[in-house]
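Q: Submitted below is the structure of interest, expressed as structure tokens.
Read-outs throughout are calculated quantities, based only on the coordinates presented, and are distinct from any laboratory measurement. None of these values were measured; they are calculated from a predicted model. Using ideal geometry, Cβ is built from the backbone for each residue, glycine included, and neighbour counts are taken over all protein chains shown.
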Amino acid sequence: MHLTPAKRKGVPAWTLRDREVIREQFRSLLEESRVIPSVRALENLPAACESPSKLIFLLYGAPLTVPTLASQVRSAHKLPVANLDFFTGFARDNSAIEFLAAAGMVGVISTHKDALRAARANGMLAIQRTFALDSTALANSIRALEDFTPDVIELIPAVAAPFGISLVRSVRPELPVIGCGLVRSLRQIHRLVRQGILSVSTSDPSLWVV
């Protein structure tokens, strides 16, 4: 069944031009959002909305709650991005991506290329999660960039991201790289930024301060 979320009062729908502008400015948005809140539960959403970040990554959601979540984030003048791999009740097909777009999400995070291609086709940002668990896994993921280039690549864990930057650059020199996972301090984040990571996403609210 194809679902169309209701428009949220006071929050207009994104136009195609809005989405084009977001994509054009996304690198700058990342540079202004060195720490991106990754929200795993509703009780942490208010703190994320009060953070300095221009972006909020949502790691939970279901068809009945997604429109409200997107509206809350947008009402705080921030951009909601859905991590589809953590959402419940969604397939990874075009209908699911259309629903997320209509609900107000500006981007999709996933390890699945089909979902990212559908996001791109619907004018959304495509953020590819890539696990840097070992050199072979990382090299295979980097080679896949020759087939499909996302708007951003998110390397997991963040502490391994600096080792993957040179591989990413060898295939896609201009592709923004962010990190996620195993970050415990602002000192770590600042060091990662100095090593070339544009932003770090974290679910630790104590780090949502820069």
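Q: At what distance in nm do the modelled label points of E43 and V21 sit from each other, each positioned 7 Å from its Cα along Cα→Cβ?
A: Those two pseudo-labels are separated by 3.8 nm.
Q: OK, next. Starting from the Cα-Cα distance between D114 and H190, subtract it from 0.36 nm times their residue separation and give me the gain in nm to one decimal. Intermediate values should be presented prior to the final figure.
A: Working: separation 76, 0.36 × 76 = 27.36 nm, distance 3.35 nm.
Stretched fully, the D114-H190 segment lengthens by 24.0 nm.
Q: Please compute the volume of the convex hull spanned by the alpha-carbon atoms of the chain and report it per residue in Å³.
A: Working: hull volume 23.0 nm³, N = 210.
Once divided by residue count, the hull of the chain is 109 Å³.
Q: What is the extension gain from R143 to R172, computed as 0.36 nm multiplied by their sequence separation minus the C-alpha to C-alpha distance, in nm to one decimal?
A: Details: separation 29, 0.36 × 29 = 10.44 nm, distance 1.01 nm.
Gain on extension, R143 to R172, equals 9.4 nm.
Q: List the GluC sites (Glu not before Pro) within segment 95-200 that fall in a DSSP loop (any state other than H, G, I, E or B) and whose Cβ has at most 15 other Cβ atoms within 10 Å.
A: On the way: sites: E98, E146, E154, E174; in loops: E174.
When the GluC sites (Glu not before Pro) of segment 95-200 are filtered for loop state and at most 15 Cβ neighbours within 10 Å, E174 remain.
Q: Taking amide hydrogens as modeled 1.01 Å from N in the peptide plane, which residues meet the under 5 Å criterion relative to G61, leaving out close sequence neighbours?
A: T88
Q: Here's something else I'd like to know. Report, in whole Å, the centroid distance computed from the Cα atoms of segment 188-205 and segment 142-176.
A: Computed from Cα coordinates, the inter-centre distance equals 15 Å.
Q: Size of segment 97-210 along its principal axes in angstrom, Cα-based, largest extent first?
A: Result, largest extent first: 39, 32, 22 Å.
Q: Determine, for S38, S170, S199, the number of other Cβ atoms within 10 Å of each Cβ, and report the residues in order from fewest to most. If you can, show how the numbers build up before the last one.
A: Values: S38 23, S170 10, S199 27.
Lowest count first: S170, S38, S199.
Q: Convex hull over the alpha-carbon atoms of segment 12-93: what's its volume per residue in Å³?
A: On the way: hull volume 8.7 nm³, N = 82.
Convex hull volume per residue, Cα atoms: 106 Å³.
Q: Continuing with this model, one more query. Just for the Cα atoms in segment 50-104, what are the lengths along the principal axes, largest first, rounded to whole Å?
A: Between the extreme Cα coordinates on each principal axis of segment 50-104 lie 32, 18, 16 Å.
Q: Which length gain, in nm to one decimal place, applies between T68 and D134 when the Cα-Cα distance is subtracted from 0.36 nm times their residue separation?
A: Values: separation 66, 0.36 × 66 = 23.76 nm, distance 3.85 nm.
Length difference between fully extended and current span is 19.9 nm.
Q: For the chain, the longest stretch holding no trypsin sites (Lys or Arg not before Pro) located in a DSSP loop with at most 16 other Cβ atoms within 10 Å is which?
A: Between exposed loop sites, the widest span is 41-183.
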